[in-house]
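Participant: Below is a structure I'd like to ask you about.
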Amino acid sequence: MFSLFLTCSAADEDRLAAELYDAGTAGLVEEPGGLRAFFEDDRSRRELLRRFAAWNPAARAEAEVDWERATQDSFPALLVGRRWFVVPPWSREHTPAGRIRLVVNPGMACGTGWHPCTQLCLAALEDAVHPGDTVLDVGSGSGILSQAATLLGAGLVVACDLDLEAVLVARESVAVPAFAGSADAVRNETADVLVANISAAVVEELSPEFRRVLRPGGTLIVSGFEQQDLPDGIAGQTFESDRWACIVGNGRNANRF
């Protein structure tokens, strides 16, 4: 048994976690400055060091521990916003009264309910999605936000991501249409709500497409960036959590974002 500590930013944790699960990790634990991944077969150490060289891996021997349990303890059930109860699939905790149970597998793809940006988007969706709305989830990753929009009563939810593997995961875990691509493949004035949990640079690049795709009076929710990296070209109310930010342009009460 050995572990690898991989140095990464909080913004990269979801993507790195997905790669580590694909590599066969027995468990993950968040530590300051990165992730520690545990592996049972010492013979794979050299290959893993090469595969994750970009993350400055540091290996160490480990005592026999129930790492599956340690991983589960790293993803506790969470109360998010006013309505969400975010849980991993192994949770047996009862859903509190008035909460919507949102089950998320933290190892499936980028996008987990334990990241502040995802939580900010979930809270914003509570007010943005109305029964029967059409919702477009750009950069959907695991599909958690698509799943949330469905639970809130959206009439149609469409997910898209440039990562084909993430699209396949979303199709399997969430019963919504999903395609490999981005907002530029969507026709004009399609969405009542558009949510994009990506990065500031991509938000800036796609902002004209977001405006084109949204229906008049629609709501735009963008996150995936830290407070100091707020994207240009997007106006709206800014919400913050643990140095991360989310912008909500509520077109139901305004004509521009």
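So that you can scan it fast, the table gives a plain yes or no per residue for (1) at pLDDT 90 or above; (2) out of contact with any strand residue (DSSP E or B) (no Cβ under 6 Å at 6 or more places or on another chain); (3) part of a helix (DSSP H, G or I); (4) buried (at least 21 other Cβ atoms within 10 Å of the Cβ):
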residue	(1), (2), (3), (4)
193	yes, no, no, yes
212	yes, yes, yes, no
217	yes, yes, no, no
222	yes, no, no, yes
228	yes, yes, yes, no
239	yes, no, no, no
247	yes, no, no, yes
253	no, yes, no, no
256	no, yes, no, no
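Participant: Could you please find all residues in region 158-177 being more than 20 Å from residue 115 (Cβ to Cβ) and part of a strand (DSSP E or B)?
Facilitator: Residue satisfying the conditions is 158 alone.
The values are calculated or read from the model by the stated rules, or taken from the named source; none is laboratory data. If you're wondering where the values come from, they're calculated on a predicted model, not measured in any experiment. Cβ: placed from backbone, ideal geometry, glycine included. Neighbour counts: every protein chain shown.
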